[in-house]
Structure formats: C-alpha cells, structure tokens
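Take a look at the structure set out below.
The values are calculated or read from the model by the stated rules, or taken from the named source; none is laboratory data. What you see is a predicted model; the values in this text were computed from it and never measured. Positions of Cβ are backbone-derived with ideal geometry, glycine not excepted, and every protein chain shown enters the neighbour counts. Protein only, heavy atoms only, side chains kept; ligands, DNA and RNA dropped before computing areas. Shrake-Rupley method; radii C 1.70, N 1.55, O 1.52, S 1.80 Å.
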Amino acid sequence: MTEVSEPKNQASDLEQAKKEVERLTEELNEHAHRYYVLDAPIISDAEYDRMHRKLEELELLFPSLARPDSPTQRVGGPPLDHFEKVKHRLPMLSLANAMNKEELIEFDKRLKRQLDLPENEILEYIVEPKIDGIAISLTYEEGTFMVGATRGDGVNGEDITSNLRTLETIPLSLRKGERPIPPIFEVRGEAYMPKDGFEAFNRKLLDNGDKPFANPRNATAGSLKQLDPKNTAKRPLAAFIYAPGYMEGVEFATHWDFLQSLREWGFSIPAFNQKCQGAEEVLLRYDEILDKRNTLNYEIDGMVVKLNDYALQEKVGAISKSPRWAIAFKFPPQQETTKILDIDVQVGRTGKLTPVAHLEPVLVGGVTVSRATLHNQDEIDKKDVRIGDTVLIQRAGDVIPEVVMSIKEKRPEGAVPFLLPEACPVCGGETERVKDEADTYCTSIDCPAKIKAALQHFVSRKAMNIDGLGKKLIEQLVDAEIVKHIPDLYTITDDDWRSLERMGEKSIVNLKNSLDKSKDTTLARFLFGLGIRHVGERTAQILASEFRSLDALYEATTFELEAINDIGPIVAYSVHHFFSQEKNKAVLQALLDLGLNPAPPQSIEDNEDLAGREFFDGKTCVLTGTLTEMTRDQAKQQILMRGGKVSGSVSKKTDFLIAGAAAGSKLAKAESLGVTVLTEAQFQEMLKGNQLSL
Ligand code: IVH
C-alpha cells in the first residue's frame, strides 16, 4: 500500500472531482440540448439519468464545484415570497394585427411608402409562427443566464428567473457559435406548454380532483406564476425565442442572421421560420402554416411577418406600443364538428337563462371541448339548433366555445326545436323575456342560482375583494339558508360558520377579518359589486366619480345619467331602474347600517393644492409613445387629478402632447398643428409644479 498524506489526497480528489463535474455538466448540457431543442438524442434516457445522478452525488460531496449552468440547477431553487419588479432596458412591444389578406398587402405597401421605395419593389420578410403563450425576456451576461422576466405592462415585468431556469429549452449558458458571445445579450420569446404535455398535465389535475386549465396558455401563465420553482419544474413548459432585446457588443444585419445565431447559441426556435420574398410569398406561406397548424405540438394563433433587414426596421421605427416593421397575421378561429348530446339551461347573477350545449367531446386546436354556449332563444331559433344535431363549433382564444351552425343534413329524425323553459330550472319561478331584448330572465328575487351568482360577484376580487369566500363556501351558505341576501354575509355567527362542512376555527377568524376589512371600500367597487345590469368595472368608476354618493344616485334621473360621457340610454335606464326599486334601497340601507363605508374617489376639488395644477387645469392632453417612469394610466390619472382632460387623438384643441419614446404619427400631427409637445421629463417637471420655458 502506498502511503499518501491526507491533504494531498484531498487536493487531488478535489481536482479530479472538479474535472468530472465539468465533464458531466458539459456532456449533460449537450445531451439535454440534443434532446429538448434539436429533438435528436444520441443516448438513452437511462444513460442520461445515470450521468445526472453521478453529477448530483459529486455536487453533494463538493458543493463549491456546482456550476451555475449545471443541469441540477433546473429542479428549482428555494421558494420566493413575491416576485421582484424588473424594468426592461428596452420596452417590450407588441404587434399590430392584420385580420385578412388585404390588410397584409396594405402592410407591405405601407412599408414601401414609408421607405420611399417603388410599389413593385420586393421586400424580404421573415415569417414565423405566432406562438400562443406568455411573452418572456431572458438576459445573458458573458454567456450566463442571469435574469428572466415576464412582459408585464411592457415597461416593467416580474422577475421569474428561478422559474425560467427550470425550462430545459432555455440554455443556462450559451453554447459556442461562429460569433463571439456578447457581454450582454437579451432576447425575447414565448414560454408555452406543448399540447401533449398540457393534456397529460390536465389529466393529472382531474385525477387529483383539481380544476383543469382551460387551455395551454392559461396553464403556462399559471405555471410561471408559482412562487415555488419546484412546482414550475414539474410542469411541462418550453420556450421559443424570436426577438432581440437590449444587447451590447454584437450587431446583426438581418433578423435571419439573428435567428441563426440563436440556433448556434443553443436556443429553441420554431422550425417554421422562413424567408419570403414579397407579400405574395408571405400569403402562400400563410396557407401552408394554416394547413399544418393542427399537426404542431404547440398552439399558434397566427403568423408573424417581420421585415428582415434591421437597417430598414430602424428606418420605419415604431408607433406607440408596436413596431411598424412587423405585423401579426391572425388565423381565423378554430372550428370542428360534433354532436349535441343535450342542452342545459344555466341561471346567472342577473337571473339570465343561458342555454349551454353538452357536446360529444371534440379536440379543437389541442383543447378538448365538451360544452358550448348557445347564448339565448334568438340565437337558437336563428341557427335552428336542436338536441341530437351535428353542429359546427368554434373557439377563438380564451372565449367560451360557441355553436356556429347546425348541419341540417345530419339531423336525426324526430329532433324537435328547443325552447327555453317557462319556469326557472333552478327555483321553478316564472321566467320573462324583456321586450326587444333577446335574453330571458328568472324573475323571482330569491332564486338560489341568482343569489349564489350575485354573492360570488359581490365578493370577487375587483368588487369587494373578500378573501377566502369562494364559490363552494357560498353554495354551502345559501343551501343552508344562512345567507339569503348580500347583507346576511355580514351577520353570519360563529355557530353558523361552524355548522358548515370542514370549517376550522382559524378559517372562521380569517373569514371574519376579510369581511370586516371589506367594509372600508370605494364607492366604485361597491357599485360594481352590486351587479347592476350593464354596470361593469369602468361604468362603476364613472358613476362613482360623477355622483360621489349613493344618495346622489337615488336622485339621478335617466336624463342626468345619459348626459354623462360614456353612458348610453341602456345603462342609464338600468341604473335608474336599480336605484328606484324599494327592495334594492332596503338592501343598500342594510349594508350601510352594518357599517359598510363606500368612499367616493378623491375629487378634483380635494386636489386644489396639488403641485402643477395650474399647468393642467382645464387643459386637453394627449399621451403617445412609451413612457418609462409611469404607465399611461398613471400619467392619465395625474392629469385628471389636476383638472385636465385626456383625449385619444391630436387636434387643434389639444394643449399638450406628451410624447414618450418611439412616438409616431401623433407626434408628427402635433408638430404640424403647432401643438406644444412635452417630453416625459418635461411632463414630470410640470407635475412637480416647475415652470418650464416652452
Ligand atoms: S415579435 C417587437 N414574434 O405575440 C416585436 N411576437 O402581440 C415583438 N408572439 O407580445 C414581438 N410569437 O408575446 C413576435 N414569432 C413571434 C411571436 C410573437 C408570439 C407574441 C408576443 C407578442 C405578441 C404580439
């Protein structure tokens, strides 16, 4: 036996382990790239797992040797308690849409006009599939993945680095390519859930008794929002990269060059990207992609057409939130045929009866659809839809699938026209179809379906925001007759709570706290929560700022209501009708007696002393371009608080145009009309009350 002194032995062990860790990290990354990105593995899964385990063991023995790009880093780091905000170094823009071939041709013509090129010039485009996922930004410093973020509002996103690290298609370090690796390299792309992974994942949720996701896009969004990256690591997510972000030390002449470098550096890019000469070739390509759409393992909702030459891109620039050099060419909604097994009638918050078709399950663009809305009796009559019919259904994005038409040739014998019931299917009360409206309503005030839906709406996030009071609990409260009207929510006793299934003392305390907290709310939230027909979030805000109290709303005539901008006769009638009914007044009074305190919004008079008021009071402003210090909405609020108005378009009457980065046609128009243009910095100064020499 040779005698070797201990320290030396340890040192050489460490040396050897280091080499081994490096070799395994690099080989595993190479194999993962081949497997996940290129879809061309050269070793078996078992072999890969063996190597992975070996690396895990070594890293456990010598933690200091673990490299930041080790594949073991993908299992998910420690959980977070919130996501940090990240400011994008360049705003993340979105795209303008072309809905049909004519609009695409117009896009091509417009570019030539903007570039002063003759009409018969052929521009070179890159055509890419439009991935229906969630936009992300990835930043690499000296080739190492440092920050991954969501798009957010385009200016600020959320830092989801630890979650994005778990996606095998995102390289943790850039591979070597022909070009040297840039010191700072930010790219943009789309995280998505492949269709097969989505189906398997939803099946698992169903097996566990959990609610499945409606589509791969929602599943992706939900997975990226996990505070514990270990949860994200379990979801089958992937990412495609398609656009440059902020970069230093590298330049690309064309988008095609950029895409080639992406490929070399190890990113996943769609196999469908293609160069096209002129609009005509783009249109041919559109038909091809549309044909292949259902064979792809990821959802696409159109294609994106981009000018290839980066110098030309720069020349045409961007307008407000989207570049002029690219356009999204949307696909028509996805359609399929299937059979109607039954028609069920649901009763909503307002008592509206909605017929819903139960379908033989069918895959529409990767999502199983088994129900579709039939809207109302008019729609059923117009489309002549009957139980047993074979129908064409369609889904577009997140909207509820709908029945487009019934295929009469396939109608079974004896199928009869469908009529909404005369009695409410939930409470047996009378139903009524309001004159000149297509919808039918249950008229009874204590219909449990109406009450449940009304309560759900009242407690929802954008209304009273009562935490912990979910759908199941509301159903139990109504079924046990503990809650019959909204005010009853605030008088539930401890014994009432305890009588419900699986209700612990801690939950009771939490619920009581949430209910108590909700009493201090805004008038706008309160009005929205009441579920007045046709009063959505925005209308509620308008009513709150115009009337400022419930008393004023009781007094308001339809004439006064209609005089308000953005309030039409239907809304005015509905609001007036709501506030003139004694039973509603009683409910509102009961809520106030229970201590609810809906506060009116800050009024302009309250802001008499606000800095910079003198510059904006009575002035009309237009916002354009991308602001960096605040969102457009915040800027608008600041102007409104100072007594100013914000308009969408520039005219002779405009006092100020506030122009953020990449301002386009509005800026040109303001200049031609001699309207005062403020930069964002000047605007900020005026908000602080500083006089500028304009
Ligand atoms: S380019 C400045 N390319 O579609 C250009 N976007 O409304 C930035 N998207 O927010 C976008 N596939 O989330 C681009 N091949 C593609 C895309 C794509 C999907 C998404 C992206 C963007 C939205 C546009």
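Would segment 453-465 turn up any residue that is touching a Phe, Trp or Tyr at 6+ places or on another chain (Cβ under 7 Å) and surrounded by 19 or more Cβ atoms within 10 Å (Cβ to Cβ)? Scanning segment 453-465, I find at least one residue that is touching a Phe, Trp or Tyr at 6+ places or on another chain (Cβ under 7 Å) and surrounded by 19 or more Cβ atoms within 10 Å (Cβ to Cβ), so the answer is yes. Each residue in segment 205-225 was checked for being more than 16 Å from the ligand (Cβ to nearest atom) and modelled with pLDDT under 90, and 10 of them qualify. Only one of the numbered conditions (1) of a type in the set (A, V, I, L, M); (2) part of a loop (DSSP other than H, G, I, E, B); (3) more than 30 Å from the chain's Cα centre (by Cα) is not met by Ile380, and that is (2). Which members of segment 108-144 meet the condition of being more than 14 Å from the ligand (Cβ to nearest atom), closer than 23 Å to Pro91 by Cα and surrounded by 21 or more Cβ atoms within 10 Å (Cβ to Cβ)? Of everything in segment 108-144, those that are more than 14 Å from the ligand (Cβ to nearest atom), closer than 23 Å to Pro91 by Cα and surrounded by 21 or more Cβ atoms within 10 Å (Cβ to Cβ) turn out to be Leu111, Thr139, Tyr140.
Looking for something at pLDDT below 95, touching a Lys or Arg at 6+ places or on another chain (Cβ under 9 Å), within 16 Å of the ligand (Cβ to nearest atom) and not small (Gly, Ala, Ser) - is there at least one such residue anywhere in segment 72-89? No, every residue in segment 72-89 fails to be at pLDDT below 95, touching a Lys or Arg at 6+ places or on another chain (Cβ under 9 Å), within 16 Å of the ligand (Cβ to nearest atom) and not small (Gly, Ala, Ser). I'd like the full set of residues that are free of Cβ contacts under 8 Å to residues at least 24 places away in the same chain and closer than 16 Å to Lys339 by Cβ, limited to segment 376-405. Listed by number, the residues that qualify are Lys383, Met405.
Here segment 312-327 is the region considered, the condition is being away from the ligand (no atom under 11 Å from the Cβ) and within 21 Å of Val282 (Cα to Cα), and the residue that is most open to solvent (accessible area, probe 1.4 Å) is Leu312.
Quick check: anything in segment 205-217 more than 30 Å from Gln260 (Cβ to Cβ), among the aromatic types (Phe, Trp, Tyr) and crowded, with 19+ Cβ neighbours inside 10 Å?
yes
Restricting attention to segment 475-491, does a residue exist that is open to solvent by 20 Å² or more (accessible area, probe 1.4 Å), farther than 22 Å from Ala453 by Cα, in contact with a helix residue (DSSP H, G or I) (Cβ under 7 Å, 6 or more places away or on another chain) and of a type outside the set (A, V, I, L, M, F, W, C)? No.
With respect to (1) more than 27 Å from Glu505 (Cβ to Cβ); (2) open to solvent by less than 70 Å² (accessible area, probe 1.4 Å); (3) in contact (Cβ under 8 Å) with a residue 40 or more places away in the chain, the lone exception for Val426 is condition (2).
A single member of Leu596, Leu588, Leu561 is open to solvent by less than 50 Å² (accessible area, probe 1.4 Å), over 34 Å from the mean Cα position of the chain (by Cα) and at pLDDT 90 or above, and it is Leu588.
Residues in segment 176-187 include at least one that is under 28 Å from Gly143 (Cβ atoms), touching a Phe, Trp or Tyr at 6+ places or on another chain (Cβ under 6 Å), more than 16 Å from the ligand (Cβ to nearest atom) and open to solvent by 20 Å² or more (accessible area, probe 1.4 Å). State yes or no: is Ile160 within 16 Å of the ligand (Cβ to nearest atom), open to solvent by less than 20 Å² (accessible area, probe 1.4 Å) and touching a strand residue (DSSP E or B) at 6+ places or on another chain (Cβ under 7 Å)? In short, yes. Contact map, segment 187-202: residues that are in a loop (DSSP other than H, G, I, E, B) paired with residues that are within 10 Å of the ligand (Cβ to nearest atom) and open to solvent by less than 30 Å² (accessible area, probe 1.4 Å), Cβ distance under 8 Å, separation 6+ or inter-chain. Pairs shown: Met193/Gly133.
For segment 70-83, a tally of residues being in a loop (DSSP other than H, G, I, E, B) and surrounded by fewer than 18 Cβ atoms within 10 Å (Cβ to Cβ) returns 6. In this structure, is Arg502 out of contact with any helix residue (DSSP H, G or I) (no Cβ under 7 Å at 6 or more places or on another chain) and part of a helix (DSSP H, G or I)? No; evaluated as a whole, the condition is false for this residue. Could you say whether any residue in segment 95-102 is in a strand (DSSP E or B), within 16 Å of the ligand (Cβ to nearest atom), open to solvent by 70 Å² or more (accessible area, probe 1.4 Å) and over 26 Å from Gln260 (Cβ atoms)? Yes, the conditions are met somewhere in segment 95-102.
Among all residues of segment 29-38, there is at least one that is open to solvent by 90 Å² or more (accessible area, probe 1.4 Å) and in a helix (DSSP H, G or I). The set of residues in segment 328-348 that are under 24 Å from Trp256 (Cβ atoms) and either open to solvent by less than 10 Å² (accessible area, probe 1.4 Å) or of a type in the set (Phe, Trp, Tyr) (or both) comprises Ala328, Phe329, Phe331. Has segment 295-305 got at least one residue that is at pLDDT below 95, surrounded by fewer than 20 Cβ atoms within 10 Å (Cβ to Cβ), of a type in the set (Ser, Thr, Tyr) and more than 28 Å from the chain's Cα centre (by Cα)? Among the residues of segment 295-305, not one is at pLDDT below 95, surrounded by fewer than 20 Cβ atoms within 10 Å (Cβ to Cβ), of a type in the set (Ser, Thr, Tyr) and more than 28 Å from the chain's Cα centre (by Cα), which makes the answer no. Answer yes or no as to whether Lys234 is under 30 Å from Lys204 (Cβ atoms), open to solvent by 20 Å² or more (accessible area, probe 1.4 Å) and not aromatic (Phe, Trp, Tyr). Against the criterion (under 30 Å from Lys204 (Cβ atoms), open to solvent by 20 Å² or more (accessible area, probe 1.4 Å) and not aromatic (Phe, Trp, Tyr)), Lys234 qualifies. Here Ala544 passes the criteria (1) in contact with a Leu (Cβ under 8 Å, 6 or more places away or on another chain); (2) open to solvent by 80 Å² or more (accessible area, probe 1.4 Å); (3) in contact (Cβ under 8 Å) with a residue 24 or more places away in the chain except the one numbered (2). In segment 569-585, the residue that is modelled with the highest pLDDT out of those that are open to solvent by less than 30 Å² (accessible area, probe 1.4 Å) and of a type in the set (Gly, Ala, Ser) is Ala572. Applying the criterion of at least 1 residues that are within 12 Å of the ligand (Cβ to nearest atom) to the helices (runs of 4 or more DSSP H) found wholly in segment 227-311 leaves 255-264, 278-292. Taking every residue in segment 554-572 that is over 23 Å from Leu588 (Cα atoms) and pairing it with any residue that is open to solvent by 60 Å² or more (accessible area, probe 1.4 Å) and among the basic types (Lys, Arg), at least 6 positions away or on another chain, the pairs with Cβ-Cβ distances below 9 Å are Asp566/Arg538.
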